[in-house]
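Below: the structure, in structure tokens.
The values are calculated or read from the model by the stated rules, or taken from the named source; none is laboratory data. All values derive from a computational prediction rather than experimental measurement. A quick note on method: Cβ atoms are made from the backbone with ideal geometry, for glycine too, and the neighbour counts reach across all protein chains shown. Note: areas computed on protein heavy atoms with side chains; ligands, DNA, RNA excluded. Shrake-Rupley method; radii C 1.70, N 1.55, O 1.52, S 1.80 Å.
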Amino acid sequence: LQSETLHRSFSSFQNENDHFFVHFSKSDECPVTTMPMEPKPTSKFVILFSFLLLLSLLLVVVRSSDVAVEGIEAGSEGELDDLEQLLAVDEQLQEERPEQQSEAKTVSKAQRIVMELNGDNTKRLIDGNEYVMVLGYAPWCARSAELMPRFAEAATDLKEMGSSVLMAKIDGERYSKMASHLEIKGFPTLLLFVNGTSQPYTGGFNSEEIVIWVQKKTGAPTIKLETVDKASEFLKKHHTFILGLFENSEASSGYDEFVKAASLDNEIQFVETNSSDVAKLLFPNLKTNNMFVGLVKTEAERYTAYDGPCQAEKILEFVNSNKFPLVTKLTESNTVRVYSSPVKLQVMVFSKTDDFETLAQSLEDIARKFTLKLMLIYIDISNENLAMPFLTLFWIEDAKKTIVAAFDNNLNSKFLLESDPSPNNIEEFCSGLAHGAVSPYYKSEAIPDNQNTSVVVVVGRTFDELVLKSQENVLLEVHTPWCLNCEALSKQVEKLSKHFKGFENLVFARIDASANEHPKLKVDDYPTILLYKTGEKENPLKLATKSSAKEMAVFINRELKPKDRSTKDEL
């Protein structure tokens, strides 16, 4: 029956006992007519008995079904009660933590906006869109993990602003060949493709900074705010910006310079308006209805008015000099911006968080006194990745207390506050730096005892005295502990010092370049031998380190011209 399709053909009639007989035939067979049969008495009894038995079984099944249904309904009611209780708990948690739910929802939505690139769609999407912002990342990269939600948030903001930029990301490890083709050489990497041609990202790394940079590269350099409502919405998302008030922008040459400055800057959002009401909402301290330019920040010095000429170059100088807080906290995301600041004299306070909080107000007061002269920077001393690269330059390996140091990036010099880092001492240190009264710091070992030595040991602190300011000729050996050839040369220098013992106006000396430094000592390879001749200390002569002791002796005699040259050439 399972293998064939059956067709029921009914051949029936009513006999005297009102019985019907039905015959089932296959569809490919003809119908068959069945004659009536007279049932026997035994057949009637069997039929009646079977009917009663079936009825009894049916009643048992129905009763069992009712009991089962009741059990199921009872169980369902219990499960619904449990589910309702769980949902109530979830609702309570959402009420208690609405910001977390909202943040998670926002991040999820933002991540869906960012297009995922792969080996197949990358070229098509980049070539098919005028602007494509690409984030190259690696799953194992911690900085990539930090940047991705900010990138997604920026994508959301740009979409809401109507930007045509396609925001995309690519797993540079999984699609390494395509990442290499895009010239993604590290993680994370941000690139903007304009009509298929890439340009490197040079902005900041929070969502607002990404939005500003992308907007300036792909749209208008300024945002126009014409109503108070739009200005209020703007303030909800932007914390640092430049405001320009121009009543008649078309007739103002200052307006053109303002827009030019906005085009040249990649970090700060420039805002323009012709409404004094809007301007006063954005800059409450505004005292004029005429042309005005000012900087708004979130820090203590929130409002700073510009009082210079409305020229793009001067406006940018004002922005770059005032865009940082009074005390800037150095992070991995702002290091490039800090180092590129036009304020090149930078004072760094290395401190634990709790210790810094006690100094914070005093440091802000100090910063106000030296605005535009120096920049105060706070570095969490417990963050070794940020702090140690600086501290090792001062021969500091394990710092547990507050340390104050400074760098003059124009002169390539560094300074160290060696007294207690109290507010008064820090202010005095800053004042000395601003007026050029603090001596540069040189890494130096302790001053050694050079009595009864044939070769004088020079350290960073004694380099001026023993070499540059000395009235004698000085043959200086520059070495390091890890130099393979230094030991052999040191033995030759020892031999030369004994040979020239008693030689007039000649001193043999050595310095460990790994533990000592001086701005006048510029050596790139080790070992190095330099001859500082009297009267010519600024231009020392370099000896060939592969020369034999005899060849060096000949060189020394020739340069210093001793009275009895012949007796000093033989070793």
(message) Need the list of lysines near Lys287 for cross-linking: C-alpha distance under 23 angstrom, and skip anything on the same chain fewer than eight residues off.
(response) Lys224, Lys230, Lys297, Lys314, Lys323
(message) Sequence gap at least 6, Cα distance under 8 Å: using those rules, report the relative contact order of region 106-215 to the nearest whole percent.
(response) 38 percent
(request) In vacuum, with every alpha carbon of region 327-435 counted as one equal point scatterer, what does the Debye formula give for log10 I(q)/I(0) at q = 0.13, 0.15, 0.16 Å⁻¹? Two decimals, please. (result) -0.42, -0.57, -0.66
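Could you tell me what percent of the DSSP beta bridges with both partners in region 307-415 are antiparallel, to the nearest 5?
Details: 9 of 18 bridges.
Percentage antiparallel, nearest 5: 50.
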(message) Only bridges whose two residues both fall in region 221-323 count here: according to DSSP, what percent of them are antiparallel, nearest 5?
(response) 50 percent
(message) Strictly greater than 24 Å: what percent of every Cα pair in region 379-535 meets that?
(response) 45 percent
(message) Counting just the Cα atoms, what span does region 456-560 cover along each of its three principal axes? Round to the nearest Å and put the largest first.
(response) 31, 30, 20
(message) For Cα pairs less than 8 Å apart in space and 6+ apart in sequence, what is the mean separation divided by the residue count of region 221-323, i.e. the relative contact order in percent?
(response) 34 percent
(request) Determine which lysines satisfy two conditions relative to Lys537: a Cα distance under 23 Å, and not lying fewer than 8 residues away in the same chain. (result) Lys443, Lys469, Lys501, Lys520, Lys522, Lys561, Lys563
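Of all beta bridges DSSP finds with both residues in region 423-571, what is the antiparallel percent, to the nearest 5?
On the way: 8 of 18 bridges.
Of the beta bridges lying entirely in region 423-571, close to 45 percent run antiparallel.
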(message) How much accessible area per residue does region 253-383 have, counting only protein heavy atoms and a probe of 1.4 Å, in square angstrom?
(response) 45 Å²
(message) Please report the accessible area of Val478 (heavy atoms, 1.4 Å probe, ligands and nucleic acids excluded) in Å², nearest 10.
(response) 0 Å²
(message) Rounded to the nearest 10 Å², what accessible area does Phe503 have for a 1.4 Å probe in the complete protein model?
(response) 30 Å²
(message) Could you work out what % of the accessible surface of region 456-560 is carbon and sulfur, using a 1.4 angstrom probe and leaving DNA, RNA and ligands out of the count?
(response) 48 percent
(request) Ignoring everything but the protein chains, give the 1.4 Å probe accessible area of Thr288 in square angstrom, nearest 10. (result) 40 Å²
(message) Just to make sure I understand: if all protein chains stay in place, what is the order of Met167, Met161 by accessible area at 1.4 Å, largest first?
(response) Met161, Met167
(request) Starting from 0 in steps of 5 Å, tell me what percent of the Cα-Cα pairs of region 156-241 lands in each bin. (result) 3, 11, 21, 22, 17, 11, 7, 5, 3, 1, 0
(message) Within region 106-215, count lysine pairs with alpha carbon atoms under 24 angstrom apart where the residues are 8 or more positions apart or belong to different chains.
(response) 10
(request) Provide Rg and Dmax in Å for region 221-323, with only Cα atoms included in the calculation. (result) 12.2, 36
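Counting Lys and Arg as +1 and Asp and Glu as -1, what is the net charge of the other residues whose Cβ lies under 14 Å from the Cβ of Ile426? Show your work: numbers first, answer last.
Numbers: positive: Arg368, Lys369, Lys401; negative: Asp355, Glu364, Asp365, Glu418, Asp420, Glu427, Glu428.
With Lys, Arg at +1 and Asp, Glu at -1, the net is -4.
How large is the Kirkwood hydrodynamic radius of region 106-215, in angstrom, based on all distinct alpha carbon pairs? The partial results should precede the final answer.
Numbers: mean 1/r = 0.0732 Å⁻¹.
Final number for the Kirkwood radius of region 106-215 is 13.7 Å.
May I ask you to give the solvent-accessible area per residue for region 456-560, in square angstrom, as obtained with a 1.4 angstrom probe?
Numbers: 5460 Å² over 105 residues.
Ligands and nucleic acids excluded, the result is 52 Å² per residue.
Ignoring ligands, DNA and RNA, please state the percent of accessible area on region 106-215 from carbon and sulfur, probe 1.4 Å. Please list the in-between numbers first.
Working: 2630 of 5490 Å².
Within region 106-215, the accessible surface is 48 percent carbon and sulfur.
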(request) With a 1.4 Å probe and every protein chain kept in, tell me what percent of the accessible surface of region 327-435 is carbon plus sulfur. (result) 48 percent
(request) Rounded to the nearest 0.05, what FRET efficiency do Lys491 and Glu146 give with R0 = 41 Å and r taken as the Cβ-Cβ distance? Could you check? (result) 0.15
(request) Starting from the Kirkwood radius over alpha-carbon pairs of region 219-267, derive D by Stokes-Einstein at 25 °C in a medium of 0.890 mPa s and give it in µm² s⁻¹. (result) 204 µm²/s
